[in-house]
Amino acid sequence: MLPTTLLRLISYTLGWLNHNTSQTGEQADASVLGFELRHIHAVSSEAHVVWADVSATDHFASHSPYFVHTRSIPSSWPTSHDAFLRARALSRIHRQSAVLSWEEDETIGPDVGRRDTLLTLAKMTNNAYLQSNETGWYDLGEGWSTSYPFGWEPDADGFRGHVFATPDNTTVVLSIKGTDAAFIGGGGPTAAKDKFNDNLLFSCCCARVGWSWTTVCDCYRSGWKCDQPCLEQALADESLFYSVATNLYYNLTYMYPESDIWVIGHSLGGALASLLGTTFGVPVVAFESPGEKLAAGRLHLPSPPSLQHITHVYHTADPIAMGTCNGVLSSCAIAGYAMETRCHLGLSIVYDTVSELSWAVDIRKHGIVSVIENVLNVNWAPSEAEGREVPVPKVEEDCVVRT
């Protein structure tokens, strides 16, 4: 693996050159992409990203590929390469925000107005929790036949998922696993680090919910005060999932310098996907993600003027995505999770399952399988009545971030 600093410089330069190279007619006109499993990835105990390729003889490669419809979506790109690099350094090293000049552009992203697109991407996010020979793996059909898993070494206990790519490598999808937690029907070797990252990213101050809680960083001060510079430093630690995710993204752009890259994920994985999309301007689809807007501000991400390339998909019976799984008596707090945020970046496609399907708000509805089987796998009558397949993506304009 190349040194992190060198990877960052090479990958961003290659991405910049690729961005300014006009697309071929075939790429611009393509409305359906087929993806294959290419890589699995994991993070070592030293917080290094470890890759494993999937060969044609592996069990991973035996699954049918996945098809996804695409569309052009608005995107923004910094007018200055050097200014972007300085802004990244300013946020990463000095915990400060920079004002950048942006130019408007378009990129090819998933067509989130189609139910079959959301369904396929949701299945890909589900597969980030599994190896392909495990029960629960979704076969995605012909089109996404190659992927690279990451984070699946026997001693790996943190950030993991899969990388899918089209056969011609024009588009690559990074799928990030969310939280493994026993109280929502999961668990496993990554549960402890997942919980640590949840409590740091989505709490107001180091998971200080009550006097009996053990905080996950040393930034809490007496009198319910929080040391903001300390907290920003804690979120940017190189061993935490956001930093690991950015290093993985740099690796991916180095491996696929001419490819369009999308990032998807569920829950914690969806929040990390959105943070990457904010940082690098790549298309994102996040399922049932906790609110990540507070963390983006604390990380001082150089955010473009428009975040329409980021789409959140969630339903109203999920208290985590809705930002209501908080308070000392909530199911999240009882399980030791301080989920105190609710505001999302970009656009949100919200299925009102409480009003339309009479679902009760229940933490067990948070799982991606429930979303796949009970929400995306069926026609959504309220949208069909409006001539649509899915609810209208909207900005969460009424959501105020608590700092």
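Couple of notes before you dig in:
- Answer from 110, 78 - the residue that is under 30 Å from residue 390 (Cα atoms) and touching a helix residue (DSSP H, G or I) at 6+ places or on another chain (Cβ under 7 Å): 110
- Failed condition for residue 11, given (1) crowded, with 19+ Cβ neighbours inside 10 Å; (2) at pLDDT 75 or above; (3) out of contact with any strand residue (DSSP E or B) (no Cβ under 8 Å at 6 or more places or on another chain): (2)
- Restricting attention to region 128-153, the residues being in contact with a strand residue (DSSP E or B) (Cβ under 6 Å, 6 or more places away or on another chain), buried (at least 24 other Cβ atoms within 10 Å of the Cβ), outside any strand (DSSP E or B) and modelled with pLDDT of 60 or more number 3.
- Some residue of region 348-367 being in contact with a strand residue (DSSP E or B) (Cβ under 6 Å, 6 or more places away or on another chain), among the polar types (S, T, N, Q) and buried (at least 18 other Cβ atoms within 10 Å of the Cβ): yes
- For residue 252, the conditions (1) in contact with a strand residue (DSSP E or B) (Cβ under 7 Å, 6 or more places away or on another chain); (2) surrounded by 23 or more Cβ atoms within 10 Å (Cβ to Cβ); (3) more than 27 Å from residue 174 (Cβ to Cβ) all hold with the exception of (3).
- Taking region 284-317 as the range and being in contact with a helix residue (DSSP H, G or I) (Cβ under 9 Å, 6 or more places away or on another chain), in a loop (DSSP other than H, G, I, E, B) and hydroxyl-bearing (Ser, Thr, Tyr) as the test, the residues that pass are 289, 303, 316.
- On the stretch given as region 93-110, residues that are buried (at least 17 other Cβ atoms within 10 Å of the Cβ) and not polar (S, T, N, Q) total 6.
- Neighbours by Cβ (under 9 Å, 6+ apart or cross-chain): first from region 377-403, hydroxyl-bearing (Ser, Thr, Tyr); second part of a loop (DSSP other than H, G, I, E, B): 383/389; 383/390; 383/391; 383/392; 403/204
- Of all residues in region 236-268, those that are free of Cβ contacts under 8 Å to residues at least 40 places away in the same chain and within 20 Å of residue 125 (Cβ to Cβ) total 1.
- Filter result (hydroxyl-bearing (Ser, Thr, Tyr) and out of contact with any helix residue (DSSP H, G or I) (no Cβ under 9 Å at 6 or more places or on another chain)) within region 208-219: 212, 214
- Residue match in region 222-242 (condition: under 30 Å from residue 39 (Cβ atoms) and of a type in the set (Phe, Trp, Tyr)): yes
- The set of residues in region 269-283 being assigned to a loop (DSSP other than H, G, I, E, B) and within 18 Å of residue 101 (Cα to Cα) consists of 281, 282.
- Residues being within 22 Å of residue 209 (Cα to Cα) and assigned to a helix (DSSP H, G or I) - total across region 331-363: 5
- Residues located in region 188-217, provided they are in a loop (DSSP other than H, G, I, E, B), surrounded by 21 or more Cβ atoms within 10 Å (Cβ to Cβ), in contact (Cβ under 8 Å) with a residue 40 or more places away in the chain and of a type outside the set (Gly, Ala, Ser): 202, 208, 209
- Selection status of residue 338, over 17 Å from the mean Cα position of the chain (by Cα) and in contact (Cβ under 8 Å) with a residue 24 or more places away in the chain: yes
- Inter-residue pairs, beta-carbon under 6 Å, first within 12 Å of residue 348 (Cβ to Cβ) and in region 304-330, second among the acidic types (Asp, Glu), 6+ apart: 314/288; 316/352; 321/288
The values are calculated or read from the model by the stated rules, or taken from the named source; none is laboratory data. None of the values given here were measured: they were computed from a predicted structure. Cβ sites come from the backbone with ideal geometry, for glycine too, and all protein chains shown count toward neighbours.
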